[in-house]
């Protein structure tokens, strides 16, 4: 798959399923997990059943410390191994030490392989969780090749590559400085080990910025919050100035807090706050009670974005 899309809402999921393109889904544990998530309150099995094989599904950031509540991630992996096509093994949020993260990666891969030898894997992580130097990515793949059984190593389909960029939902843009040389070297390392390269945080990029990446040999890229914010903008456009209820639901969710500066004053920036975290509350009962009936419009906007990508 060239583009992996975050299933930010049922509308996004429906639009992607209906779209005839080189796309897949990347649900995070907070979005969809064995015990539910903020996207349509779907469990892992319910989401997979709804998609019904029409679009490949990859668990994004699977593993220890990646859910709503801290856990070892194994229960989530058990369900992922039954229902998903690819699982991103990402222990690096907790295990910042290289050797600890490597060993946890190996343990997780073996754990899942014993349950389903057909599942594919993604390894590594994005820069906002842990920066990887080029030599560390090379060492990671070399160690995995030497310490996993060959048929298990062959099941690693993607390795995460980094180019120096990240996301800022508060400003709705891509941050950092894109490093052509760094990305090119990481892509080359992936090819050396027979793995596809995948970059995260591909939101808010221009067509030229996507083209630059793919011209360097990048195989795939993740895009997530941007699709949720496109839907949020549709609701704001429909509501006009009547946003107080939507604002209060978003404010109470507290999902905006990590994305704003200390001097951010919510009551003076109500629309900005909604744009930051509006997609987190699409399945909240309070929002469903006030939700405008514009699903067809939203899916059309999502399809237009997808068509622009390809």
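Throughout, read-outs are computed from the coordinates displayed, never taken from laboratory work. Computed from a predicted model, the values in this text were never measured in an experiment. Positions of Cβ are generated from backbone atoms using ideal geometry, with glycine treated the same way; all protein chains shown enter the neighbour counts.
Between residue 192 and residue 241, the C-beta separation translates, for a Förster distance of 51 Å, into a calculated FRET efficiency of about 0.35.
Against the chain, whose longest principal axis is taken from its Cα atoms, helix 98-115 shows a tilt of about 90°. Helix 244-253 and the long axis of the chain differ in direction by around 30°, with both axes built from C-alpha atoms. In plain terms, the residue of 239, 1, 186, 149 with the fewest other Cβ atoms within 10 Å comes first and the most crowded comes last, giving 149, 239, 1, 186.
Between residue 69 and residue 270, residue separation times 0.36 nm minus the direct Cα-Cα distance comes to 69.5 nm.
Can you give me the relative contact order of the stretch 3-224 as a percent, contacts being Cα pairs under 8 Å and 6 or more apart? Computed value for the stretch 3-224: 16 percent relative contact order.
Relative contact order for the stretch 227-309: what is it in percent, counting Cα pairs under 8 Å that are at least 6 residues apart? With pairs under 8 Å counted, the relative contact order is 46 percent.
Give the percent of DSSP beta bridges with both residues in the chain that are antiparallel, rounded to the nearest 5. Roughly 15 percent of the DSSP beta bridges within the chain come out antiparallel.
Modelled this way, with points 7 Å down the Cα-to-C-beta line, the labels at residue 35 and residue 103 are 2.7 nm from one another.
Ordering 260, 265, 32 by the number of other Cβ atoms within 10 Å of each residue's own Cβ, fewest first, gives 265, 260, 32. Put a dot 7 Å past the Cα of residue 295, heading toward its Cβ, do the same for residue 22, and the two dots end up 3.1 nm apart. Among 243-256, 150-163, sorting by the average number of other beta carbon atoms lying within 10 angstrom of each residue, highest first, gives 150-163, 243-256. A convex hull fitted to the Cα coordinates of the stretch 3-63 yields 69 cubic angstrom per residue. Axis angle, to the nearest 10 degrees, between helix 295-309 and the longest C-alpha principal axis of the chain: 40 degrees. Placing R0 at 35 angstrom, the Cβ-Cβ distance between residue 212 and residue 93 gives a FRET efficiency of 0.75 after rounding to 0.05.
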